[in-house]
Amino acid sequence: MSARIGVTVMAVLLALYIFFVGQRAWLLLVSGQPLGIVMGAALIVLPIVAAWALWRELMFGFRAEQLGRELERDHALPSDDVALRPSGRVQRADADAAFPAYRDDVQAHPDDWRAWYRLGVAYDAAGDRRRAREAIRKAIALHRAARHD
């Protein structure tokens, strides 16, 4: 739940940033000064990129959470007995030991979104956030493709 609160706070702060930068951009655009107009036009790009990034990350989180709930409902989430740190994170050695099973599952079933999602969870437990996000993005894409077939 604390992650959701953190995401909400960051999204609100980014929305405020977008608003204030957009407001400054507008003031520069209507200033009538050539340099102000150029700077205002350049500042328009920043809120657009920030809004796109915010939307993309929120949609990733929403879709990943949906897939996680679906796997939980099907009792298909990883259930390895691993030692946890006081923070609740998996012990690295245990995560590394469990990882090959999830990698092998993806190799055996490359079109199964469930296998990719579980691999993403395993990457995350092992501390590799970049690969975790890639695997979960692949799971999202496969899930969406399966729904449209």
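The values are calculated or read from the model by the stated rules, or taken from the named source; none is laboratory data. This one's a predicted model, so the numbers in the text were calculated from it and none came from an experiment. Methodologically, a virtual Cβ is constructed for each residue, glycine included, from the backbone with ideal geometry; neighbour enumeration extends over all protein chains shown.
Taking the stretch 68-107 as the region of interest, how many residues are modelled with pLDDT of 90 or more and either touching a His at 6+ places or on another chain (Cβ under 6 Å) or exposed (fewer than 13 other Cβ atoms within 10 Å of the Cβ) (or both)?
6
Restricting to the stretch 1-49, give me the number of residues that are under 21 Å from ARG63 (Cα atoms), exposed (fewer than 13 other Cβ atoms within 10 Å of the Cβ) and among the small types (Gly, Ala, Ser).
Of the residues in the stretch 1-49, 3 are under 21 Å from ARG63 (Cα atoms), exposed (fewer than 13 other Cβ atoms within 10 Å of the Cβ) and among the small types (Gly, Ala, Ser).
Quick one: which helices (runs of 4 or more DSSP H) lie wholly within the stretch 73-149 and hold at least 1 residues that are closer than 25 Å to GLU57 by Cβ, touching a helix residue (DSSP H, G or I) at 6+ places or on another chain (Cβ under 7 Å) and of a type in the set (Phe, Trp, Tyr)?
92-108, 113-125
Keeping to the stretch 25-72, report how many residues are outside any helix (DSSP H, G or I) and charged (D, E, K, R). Explain how you work it out, then say what you get.
At the first step, the residues of the stretch 25-72 found to be outside any helix (DSSP H, G or I) are 30-33.
From the residues that got through so far, the ones that are charged (D, E, K, R) too are none.
Of the residues in the stretch 25-72, 0 are outside any helix (DSSP H, G or I) and charged (D, E, K, R).
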